[in-house]
1. Criterion first (under 30 Å from residue 29 (Cα atoms) and modelled with pLDDT of 80 or more) does residue 398 satisfy it?
2. Just for helices (runs of 4 or more DSSP H) wholly inside segment 440-494: which have at least 3 residues that are farther than 26 Å from residue 319 by Cβ and either of a type in the set (Ser, Thr, Tyr) or touching a residue at least 60 places away in the same chain (Cβ under 8 Å) (or both)?
3. When you scan segment 259-277, how many residues do you find that are surrounded by 18 or more Cβ atoms within 10 Å (Cβ to Cβ) and either over 22 Å from the mean Cα position of the chain (by Cα) or modelled with pLDDT of 80 or more (or both)?
4. Specify which of the listed residues (350, 358, 403, 388) is touching an Asp or Glu at 6+ places or on another chain (Cβ under 9 Å), of a type outside the set (Gly, Ala, Ser) and closer than 21 Å to residue 467 by Cα.
5. Residues being aromatic (Phe, Trp, Tyr) and not in a helix (DSSP H, G or I): count how many of those fall in segment 109-159.
6. Only one of (1) within 25 Å of the chain's Cα centre (by Cα); (2) at pLDDT below 80; (3) farther than 22 Å from residue 61 by Cβ fails for residue 191. Which number is that?
7. Can you name every one of the helices (runs of 4 or more DSSP H) wholly within segment 289-389 that holds 2 or more residues which are assigned by TED's automatic domain parsing to the domain that holds residue 453 and aliphatic (A, V, I, L, M)?
Amino acid sequence: MLFELIRLEFLKSFRSTSFAKSVMVAIFLGFLALMLLSYLFMAGLFLNRILAELVEGQGTTVTLNSGLIFFFLVEFMYRYFLQKLPVIELESLLHLPISKKRIINILLGRSFFSALSVVALILFTPFAFTEIAVQYGVAGAISWLGAVVFISWTLHWFMLWFKQRFEDSLIGVVIVFAVLVLGGGSTYLGWFNLGELVAPFFTFAMSSFIPMAVGSITCVVGYYLAFSYYLNNAYLEDLASEEEVRFVNQSVGFFSRFGMAGELANLEWKLIIRHKKSRTFLMLSAIFLLYGTFFYDNPAYQEGPMRHMFIFVGVFITGVFMIQYGQLFLSWNSGYFDFFLGRKDGIENLIKGKYLLLLSISFLCFMLSIPYLYFGWKFLLIHFATFLFNAGIMIHMIIYLALWKPKPMDLNKGAMFNYEGVGAAQFLMIIPMMIAPYVIYLPFALLFNMYAGLAAMGTLGVVGILFFKPLSNININRVLKHRYEISSSFRQEL
């Protein structure tokens with residue numbers, strides 16, 4: 001049966017109209033995966049030297065045992081965004097006369113064979129047999145490496161259950177942020193050192209097989225957790241009904257005050273949280289709100305020319321969703337763009353609705369950035385000035401560039417390593433986004449001081465907000481002028 005399912009999967013791929021493109025994408029991604037894994041292997045070979053340079057005067061083994069928990073936190077995050085679920089394959093096989101347990105076992109086993117499953121093995125194997133084996137013998141190296149690898153594999157099975165159970169709910173978002181804040185933020189802000197709490201477990205693994213046994217047991221429990229959940233919920237009617245009710249009552253009442261444009265903004269918001277790729281962009285935007293913690297208390301950026309880096313950070317924090325989501329402005333609607341072509345003022349209301357959505361979330365990002373007041377009042381002023389600049393000037397620049405030959409996009413695919421909808425404009429967009437704020441800020445900051453530069457940015461942003469209608473009409477008229485060309489490009493096969 002296993003070989004029969006593999007044969008059917010091969011026939012499905014071979015008969016696809018986009019077979020050639022899929023092969024090219026697979027070759028490119030395979031080459032990229034091999035390149036990244038080779039970099040990881042090289043990092044593993046020099047891991048001892050890297051740790052010795054980073055932490056002088058401390059043993060590299062002790063340092064690594066204290067830092068392993070942060071490796072697993074990073075693994076938790078990249079698995080959340082990169083790891084794929086076998087749901088589509090599950091739906092296509094449930095109607096066949098095959099044992100459900102066998103289907104789920106095959107799909108779960110298939111999901112395990114990916115580059116993510118060998119990251120820990122490739123990265124830490126050289127260190128285990130070049131450093132730990134010298135002090136604790138080969139048995140100690142195997143025991144330590146086994147504990148690390150089994151915990152990594154446990155995260156694989158846990159993430160299959162977690163994403164299927166909580167990815168589309170507020171609880172999942174809260175858990176991801178809790179892991180990020182409590183795991184990394186606690187040590188960064190000095191609340192408590194999570195690495196020191198778990199280091200004894202890995203230290204014990206060097207002299208005993210008990211931690212390795214514990215890791216193997218948790219790996220089996222993780223597999224059973226994922227297997228049981230998929231088995232108990234693997235019904236086509238349940239999957240369909242869940243999809244229907246999961247996003248009920250997700251409207252934003254504030255948008256209804258803006259007429260048809262507000263209704264379309266509300267619809268856009270529902271589509272964002274409904275589809276995987278747009279929802280990933282939203283999650284990344286929320287995570288990037290923590291971007292300032294890497295700069296605002298770093299002494300290297302407090303004095304000299306580097307202090308002007310705070311302007312870019314402020315623009316990015318208050319406009320992160322505008323930048324990420326706005327760069328694919330119309331590609332999000334490529335599947336049903338013709339619907340708006342056939343409606344009176346449909347294109348105009350669509351563009352206005354997108355403006356409303358981007359400005360609303362940008363304002364929300366500014367409000368969520370207020371806690372940066374902890375680092376000083378000037379950072380709140382930076383965020384306020386950059387928010388005004390984003391709302392009055394930057395949003396029009398982003399949309400204008402995004403309207404240059406937009407491309408179709410499949411919303412149901414993931415965001416990672418997915419370049420659908422991305423063209424030359426998306427790569428060139430970073431240049432004006434980085435230069436424009438400094439063109440206004442630097443002359444006043446260098447002639448007077450930082451606050452004069454912020455005042456100039458904020459003033460120009462207010463002027464842009466006051467003249468919002470004529471500025472937005474430039475992009476609206478551009479879409480109307482090229483609407484048939486855009487519609488034709490969206491009909492291209494992905």
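1. yes
2. 483-490
3. 8
4. 350
5. 1
6. Going through (1) within 25 Å of the chain's Cα centre (by Cα); (2) at pLDDT below 80; (3) farther than 22 Å from residue 61 by Cβ one by one, residue 191 breaks only (1).
7. Filter on segment 289-389 gives 309-326, 346-368, 377-389.
Yes or no, residue by residue, for (1) in a loop (DSSP other than H, G, I, E, B); (2) at pLDDT below 65; (3) over 25 Å from residue 123 (Cβ atoms):
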residue	(1), (2), (3)
5	no, no, yes
17	yes, yes, yes
21	no, yes, yes
26	no, no, no
31	no, no, no
34	no, no, no
43	no, no, no
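The values are calculated or read from the model by the stated rules, or taken from the named source; none is laboratory data. Just so it is clear, the structure is predicted and the values come from calculations on it, not from any experiment. Glycine gets a Cβ as well: all are built from the backbone with ideal geometry, and neighbour counts include every protein chain shown.
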